[in-house]
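Asker: Sending over a structure as structure tokens; questions will come in a sec.
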Amino acid sequence: MVKNIATGMESVAVSTGTPTVAPGTSGQGTQVGGEAATVSAAAAASGGMSDANLIGTAVDEELFRFNSEDTPLMNLMLRAKRVNVNSPEVDHYMIDEARSSVVTVDDCGGMSRGYVVLPVSETDGSLLRPYTTLLVKGVSGYDAEGKNPTPGKDLMLFVTGQDSTSTSPVVRAVNGEKTNPEDEFGNIPRIPAGTTVIILANSLYETQKEVDPDLILPKPTRIYLQKRGMNQVVSDYFESQKKRLPFSKAVIAEQAIANFKVRGNRTLWAGRAGKFKVSVAKMGMQYVYTTEGLRWQFKRELQEPGKWTVEKIIALAKMFFTGEDVPKSAMLLAGKNLLESIQKIDYSKHPEIQISTKVNSVGWTVTNFHTVFGDIEIKREPTLDRLGWSNSGALIGDNRLVHYVYASEHSFKDRVEGEEATRNGLLIWDAVALKGTCHVWIDGEDEAPADGVSRIVLWDSDKAPEQGVADGMIFCLTEDCPSISANAKSGQMWKAVMDGETVKWQIVKGEV
């Protein structure tokens, strides 16, 4: 019986001759989709094998056993934190780390005032609550008597309230310039626009116990769990002939499971989220869910289609390990061309860099790249090659994946109604999601960035970029670039802001 998924109607399938045999990855005609394992089907597909001429040969069963290293992402998912859910739709929360700093949007202070409104953006103003202390980077405070500036010792502010016409805080200086040494507070020196202000702890008076609470509003992302299944139908007659066939039911099942796992791994990488209805005979309308692949969940993309160098690897490690969401270690799942480019780097000028081969906690043999920022374990991901991302890779934080499971993987074995055959099946209903914001997708294919993603480029020239510059693109400098700005130094990040066809450069402070 053949079922139409759109209408739910069933019809009798009439054999039209030889089953279509598609070539596998090596070009051998071994793929027979939609066919039960029967002697007749095997004979037709193999070009003449029948009950009369079945032969017995030795079978290399090891050749058919699937290797866990062929599906690294799926294996990482199975080792990740497992969350059992009661719905195929899940609200996945990626809570951001608390902001550590704000930036002033206008000049203030410098007019012998004890109080001043600190001009920050409307959204940032709500972070600076009364009794909070602030450190003004780059603006010197004064000594204990309030007479002499103390270069290198930044100005500290105390928030006394909120401005009545905006959300900006009203502040006064803790270590400002004093008219008299006995004054408790001093005047606030000039604070230029664009100054970074670090948020410190609050400071309460003697009997105070109540302060403004912090309201954290996590923003959920809707994750769909995809139900995947595999069926194998073996006729009783085929099973009875297994000793005379050049392959056994076990070997066929092994290869079918391997194929099921590899296809599932592709879905975990590149699937797109969807939810729609289909009509099912005897059951009516039912939902089908498709899950969102990991490729589309990254919030940071590193555009790097060129040649890799030691400086670029170190810049990548710095970007990954020095954010506010810092994992203990990193796993780079790489396409074959990206892996080759990294392996061909000349390390002779960097004896401090340690490259070694080890067996990691997953059981894989990986290339371990040791930097002062942290270790990056590099592993080839064959699925990226199959998806056309051979020049790309995913830098994933240790223990930063979530495995949502609606129905645990389970197998079943049923007799086919009205037939002398057995149906063996495998079902799983799950999804994988990124946890935290440390992860980086390395785009070596020069694809268009996804919406809401920070696009970063490693820039190793003293000339400002001209080709392919887009509004909001961030350039991480691996050497000084005076063409961008006289203050553009190696290790900094500069953002391109398009004014028509003219590029204006802004330094990026804080974490991306």
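The values are calculated or read from the model by the stated rules, or taken from the named source; none is laboratory data. Nothing here was measured: the structure is a model prediction, and the numbers come from that model. Because the Cβ atoms are built from the backbone with ideal geometry, glycine has one as well, and the counts that use them run over all protein chains shown. Side chains are part of the model used for accessible areas, which takes the heavy atoms of the whole protein and leaves out ligands, DNA and RNA. Shrake-Rupley method; radii C 1.70, N 1.55, O 1.52, S 1.80 Å.
Asker: Over all distinct Cα pairs, what is the inverse of the mean 1/r for the stretch 401-512, reported as the Kirkwood hydrodynamic radius in Å?
Answerer: Averaging 1/r across every pair of different Cα atoms and inverting gives 18.4 Å.
Asker: Another question about this same structure. Amide H neighbours of THR150 under 5 Å, counting only residues 5+ apart in sequence or on other chains, H built in-plane at 1.01 Å?
Answerer: GLY141, TYR142, ASP143
Asker: Contour minus end-to-end for ASP212 and TRP505, with contour as 0.36 nm per residue of separation and end-to-end as the Cα-Cα distance?
Answerer: The ASP212-TRP505 span can extend by a further 101.7 nm.
Asker: Keeping every protein chain in place, order MET498, MET230 by accessible area at 1.4 Å, biggest value first, i.e. largest first.
Answerer: Putting MET498, MET230 in descending order of accessible area: MET498, MET230.
Asker: I need the semi-axes of the equivalent ellipsoid of the stretch 72-136: take the C-alpha gyration tensor, multiply each eigenvalue by 5, square-root it, list largest first in whole angstrom.
Answerer: Taking √(5λ) for each eigenvalue gives 46, 13, 11 Å, largest first.
Asker: Compute log10 of I(q)/I(0) for the stretch 158-313 with the Debye formula, placing one identical point scatterer on every Cα and leaving out solvent, at q = 0.10, 0.21 Å⁻¹, to two decimals.
Answerer: The calculated log intensity ratios at q = 0.10, 0.21 Å⁻¹ are -0.80, -1.40.
Asker: Sorted by accessible area (1.4 Å probe), largest first, how do HIS350, HIS403, HIS410 line up?
Answerer: In descending accessible area the options line up as HIS410, HIS350, HIS403.
Asker: Which whole-angstrom value gives the distance between the alpha carbon centres of the stretch 167-220 and the stretch 466-512?
Answerer: Using only Cα atoms to place each centre, the spacing works out to 31 Å.
Asker: Compute, for ASP143, the solvent-accessible surface of its heavy atoms (probe 1.4 Å) with the complete set of protein chains present, and express it in square angstrom to the nearest 10.
Answerer: Result for ASP143: roughly 50 Å² accessible.
Asker: Also, I was wondering about something else. Please state the charge dipole magnitude for the stretch 120-170, taken about the Cα centre, from unit charges on C-beta atoms (+1 on K and R, -1 on D and E), reported in debye and rounded to the nearest 20.
Answerer: Its charge dipole is roughly 120 debye.
Asker: Okay, moving on. Any idea how far apart ALA201 and VAL469 come out in nm if each label point goes 7 Å out from Cα toward Cβ?
Answerer: 4.5
Asker: Can you give the accessible area of ILE198 in Å² (nearest 10), computed on protein heavy atoms with a 1.4 Å probe?
Answerer: ILE198 has an accessible surface of roughly 50 Å² with all protein chains in place.
Asker: Probe radius 1.4 Å, ligands and nucleic acids left out: which of LEU434, LEU200 has the largest accessible area, and how do the rest follow?
Answerer: Per-residue accessible area, sorted high to low, gives LEU200, LEU434.
Asker: Turning to a different aspect of this structure: Could I have the simple spin-label model distance between ASN231 and ASP462, label points 7 Å from Cα toward Cβ, reported in nm to one decimal?
Answerer: Those two pseudo-labels are separated by 6.9 nm.
Asker: So who's got an amide H within less than 5 Å of the one on ILE442, skipping anything under 5 residues away but keeping other chains? H placed 1.01 Å off N, in plane.
Answerer: Counting only residues 5 or more places away or on other chains, the set is LEU302, GLY393, ALA394, LEU395.
Asker: Any idea what the dipole of the stretch 363-512 comes to, in debye rounded to 20, about its Cα centre with Lys/Arg Cβ at +1 and Asp/Glu Cβ at -1?
Answerer: Dipole about the Cα centre, nearest 20: 420 debye.
Asker: Step through the table entries LYS227/LYS261; LYS81/LYS413; LYS336/LYS379, compare each Cα-Cα distance with 18 Å, and write down the pairs that go over it.
Answerer: Violating the 18 Å Cα-Cα cut-off are LYS81/LYS413.
Asker: Okay, next question. Quote the accessible area belonging to VAL117 in square angstrom, nearest 10, computed with a 1.4 Å probe and with ligands, DNA and RNA left uncounted.
Answerer: Rounded to the nearest 10, the figure is 60 Å².
Asker: I'd like the distance between the alpha-carbon centres of the stretch 424-442 and the stretch 112-133, rounded to an integer number of Å.
Answerer: That distance is 42 Å.
Asker: P(r) tail for the stretch 312-462, what percent of Cα pairs lie past 20 Å?
Answerer: 60
Asker: Follow-up question, since we're still on this one. Can you check what the Kirkwood hydrodynamic radius comes to for the stretch 464-512, Cα pairs only, in Å to one decimal?
Answerer: By the Kirkwood definition, the hydrodynamic radius is 10.9 Å.
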